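Engineer: Pasting in a structure now, in structure tokens, and then I'll have a few things to ask.
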Amino acid sequence: MSAAPARSGIRFDRVSVAYSGTVVLDALDLTVEPGEVMALLGPSGSGKTTALRAVAGFVRPVSGRVFIGERDVTGLPPHQRGIGMVVQQYALFPHLRVADNVAFGLKAQKAARAEIPGRVAEALEMVGMGEYARRYPRELSGGQQQRVAIARALAIRPGVLLLDEPLSALDAQLRSGMLAELARLHRELPDVSILYVTHDQVEALTLADRIAVMDRARLQDCGTPQELYRAPKSEFTASFVGNANLLAVTVGEAGVTFGDAELKVDTGAAGVGASATLCVRPHLVGLGDGPNSLTGKVSEVQWRGATHRLYVEVAGQPVKADLRELKAPPSIGDEVTLHFAPEDAVLLSAGVSKDG
């Protein structure tokens, strides 16, 4: 596919959106670099879809500006923004064949008639749907329909591609395959900026160069998947990006206290006696004696195929451990000892823990 237009990249300059006086996006400052995949990750009502719709031109900010490349597009209608968009429900025209669905945007842009068949074929080949050009949407599976929707968005050669929960209507197996396809498309379209809205942490961790974590209409955190997973800055980030044990601890001179246990961890600049939260990922918790040992009673055992998850009650708090499938897992009520390495824990400021 030909190179994307130069007007790639997205910048939110303190963008706020309100409906009937209720703020649904609050002073968002965020930049998506040219060629970058940025995932907007957060629960329902966090503001992530509103941010995407502000880029698309479907909502008008009450304050702030939206830029695509160097252009201020805040006041432009959607069709003048040079974007491609894919939504959850495909939005294909049922009375049009696949090729005509893909050609729709090109015709709306008044592309040269002689150019359209080649552009359509090119886009369909990119998503592996070239041989389905003559079919109707009803003759395709859900995954195939979503591929066609992506091809329609790519056919106009956008500088910016907006994806709004594009895989949420697919079953788990199809979703996994489409994730691989989207990753491949990203490699083949290195100049296209992608803004990807999802509440699924696996999608965000798999596809994104960076993740913007949203909650209650505000940007809470932003960083690479590795940064947010390994060294989250807040309890919300720790609980929403991956799964986490969030343990209420008290800072001591050489580590922290959790119940009766003295744990050796890096406390940074935290003052002695301060309340804090210790974040430990369940897959980094081992069974048996070791550094930073915790003893408690098993409250639940879940078999998850390749792993067992243990829930162990320690000092009145549940501690989760994801362990390679155990031949003889403990039973509910058994006393067990867990452990984790000092370098596998991150100390967060105090707050309310969230279960994952």
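Engineer: Nearest 20 debye, what's the magnitude of the dipole of the chain about its Cα centre given +1 on Lys and Arg Cβ and -1 on Asp and Glu Cβ?
Structural biologist: Numbers: 37 positive and 40 negative charges, 367 e Å.
Around 1760 debye, computed over the chain.
Engineer: If Lys and Arg each add +1 and Asp and Glu each add -1, what is the summed charge of the other residues whose beta carbon sits under 10 Å from the beta carbon of Asp221? Kindly include the intermediate steps, with their values, before the conclusion.
Structural biologist: On the way: positive: Lys233; negative: Asp215, Glu227.
It works out to a net charge of -1.
Engineer: So, one more: Can you find, among Val86, Val55, Phe104, the residue farthest towards the positive end of the dipole of region 10-230? Put +1 on the C-beta of Lys and Arg, -1 on that of Asp and Glu.
Structural biologist: Phe104
Engineer: What net charge do the residues around Thr337 carry, taking every other residue with its C-beta under 12 Å from that of Thr337, with Lys and Arg at +1 and Asp and Glu at -1?
Structural biologist: Working: positive: Lys297; negative: Asp289, Asp334, Glu335.
Once all neighbours under 12 Å are counted, the net charge is -2.
Engineer: Highest first, please rank the peptides 142-155, 209-222, 73-86 by the mean number of other Cβ atoms sitting within 10 Å of their residues. Please report the intermediate quantities before stating the final value.
Structural biologist: On the way: 142-155: 23.5, 209-222: 20.7, 73-86: 17.4.
So the peptides 142-155, 209-222, 73-86, ranked by packing, come out 142-155, 209-222, 73-86.
Engineer: Could you calculate the contour length gain from Leu284 to Arg14, that is, 0.36 nm times the residue separation minus the distance between their Cα atoms, to one decimal place in nm?
Structural biologist: On the way: separation 270, 0.36 × 270 = 97.20 nm, distance 3.84 nm.
Between Leu284 and Arg14, full extension yields 93.4 nm more.
Engineer: Whole Å is fine, so just give me how far the alpha carbon centre of region 131-167 lies from that of region 67-104.
Structural biologist: What the calculation gives is 11 Å, centre to centre.
Engineer: Which angle from 0 to 90°, rounded to the nearest 10, does the C-alpha axis of helix 142-155 make with the longest principal axis of the chain?
Structural biologist: 60
Engineer: Find, among the trypsin sites (Lys or Arg not before Pro) in region 269-356, those assigned to loop by DSSP (not H, G, I, E, B) with at most 10 other beta-carbon atoms within 10 angstrom. Please list the in-between numbers first.
Structural biologist: On the way: sites: Lys297, Arg304, Arg309, Lys320, Arg324, Lys327, Lys354; in loops: Arg304, Lys327, Lys354.
Of the trypsin sites (Lys or Arg not before Pro), the ones in loops of region 269-356 whose Cβ has at most 10 other Cβ atoms within 10 Å are Arg304, Lys327.
Engineer: Which of Ser20, Ser193, Ser293, Ser234 comes first, and how do the rest follow, when ranked by fewest Cβ neighbours within 10 Å?
Structural biologist: Working: Ser20 4, Ser193 27, Ser293 14, Ser234 18.
Listing Ser20, Ser193, Ser293, Ser234 from fewest to most nearby Cβ atoms yields Ser20, Ser293, Ser234, Ser193.
Engineer: Would you mind telling me which residue in Ala121, Ala208, Ala306 has the biggest mean-square fluctuation in a Gaussian network model of the chain, where springs connect alpha carbons within a distance under 10 angstrom?
Structural biologist: Ala306
Engineer: Something else now. Under the 0.36 nm per residue contour assumption, what length would be gained going from the current alpha-carbon distance of Thr337 and Ala183 to full extension? Please list the in-between numbers first.
Structural biologist: Values: separation 154, 0.36 × 154 = 55.44 nm, distance 4.06 nm.
Roughly 51.4 nm would be gained on extension.
Engineer: Another one. What are the ³J(HN,Hα) values, in whole Hz, obtained from phi via the Karplus relation 6.51 cos²θ - 1.76 cosθ + 1.60 with θ = phi - 60°, for each residue of region 291-308 in sequence order, with x given for Gly and Pro?
Structural biologist: Those phi angles translate into x, 6, 7, 10, 10, x, 9, 5, 9, 6, 10, 10, 8, 10, x, 6, 9, 10 Hz.
Engineer: May I pose another question? Return one number: the angle in degrees, 0 to 90 and rounded to the nearest 10, between the long axis of the Cα atoms of helix 172-188 and the longest principal axis of the Cα atoms of the chain.
Structural biologist: 60
Engineer: Non-local amide H neighbours of Gly252 (under 5 Å, H modeled in plane, Pro and chain starts lacking H): which ones?
Structural biologist: Residues meeting the amide H criterion: Thr257, Gly273.
Engineer: While we're on this one: In a GNM of the chain with a 10 Å cut-off on Cα contacts, which of Pro43, Pro225, Pro330 has the highest mean-square fluctuation?
Structural biologist: For the chain, modelled as a Gaussian network with Cα springs under 10 Å, the answer is Pro330.
Engineer: Let me ask something else. By how many degrees, 0 to 90 and rounded to 10, does the Cα axis of helix 98-108 deviate from the longest principal axis of the chain?
Structural biologist: Taking the Cα atoms of the chain, the angle to 98-108 is about 70 degrees.
Engineer: Between Ser293 and Ala111, with labels modelled 7 Å along Cα→Cβ, what's the label distance in nm to one decimal, could you check?
Structural biologist: 6.7
Engineer: Something else now. Using the Karplus curve 6.51 cos²θ - 1.76 cosθ + 1.60 with θ = phi - 60°, what ³J(HN,Hα) values do you get for each residue of region 44-51, in whole Hz, with x for Gly and Pro?
Structural biologist: The phi angles translate into 4, x, 7, x, 5, 5, 4, 4 Hz.
Engineer: For region 62-127, report the % of Cα-Cα distances exceeding 20 Å.
Structural biologist: Numbers: 926 of 2145 pairs.
It works out to 43 percent of all Cα pairs.
Engineer: Next up: Can you give the longest stretch of the chain with no exposed loop site, where a site means GluC sites (Glu not before Pro) in a DSSP loop (not H, G, I, E or B) with at most 10 other C-beta atoms within 10 Å? It would help to have the intermediate numbers written out before the result.
Structural biologist: Values: sites that count: Glu70, Glu115, Glu253.
Looking at the chain, 116-252 is the longest stretch - no exposed GluC sites (Glu not before Pro) with at most 10 other Cβ atoms within 10 Å.
Engineer: Could you please report the charge total around Ile194, scoring K, R as +1 and D, E as -1 over all other residues with beta-carbon less than 10 angstrom from its beta-carbon?
Structural biologist: On the way: positive: none; negative: Glu36, Asp209.
In short, -2.
Engineer: On average over all directions, what projected area in square nanometres does region 243-349 have, based on the convex hull of its Cα atoms? Please report the intermediate quantities before stating the final value.
Structural biologist: Values: hull surface 25.3 nm².
Result: a mean projected hull area of 6.3 nm².
Engineer: Regarding region 15-83, what's the average projected area of the Cα-atom convex hull, expressed in nm²? Each step should come with its number before you reach the end.
Structural biologist: Values: hull surface 19.2 nm².
If I average the Cα hull's projected area over directions, I get 4.8 nm².
Engineer: Given N residues in region 129-194, what is its alpha carbon radius of gyration divided by 2.2 N^0.38 Å?
Structural biologist: The reported ratio for this selection is 1.12.
Engineer: Subtracting the Cα-Cα distance from 0.36 nm times the residue separation, let me have the gained length for Ala306 to Phe104 in nm, one decimal. Walk me through the numbers on the way to the answer.
Structural biologist: On the way: separation 202, 0.36 × 202 = 72.72 nm, distance 4.58 nm.
That works out to 68.1 nm of additional length.
Read-outs: derived from the displayed coordinates by stated rules, not from any lab. Everything numeric in this text was worked out from a predicted model, so none of it was measured. Reconstructed Cβ throughout: ideal geometry from the backbone, glycine too, with neighbour counts over all protein chains shown.
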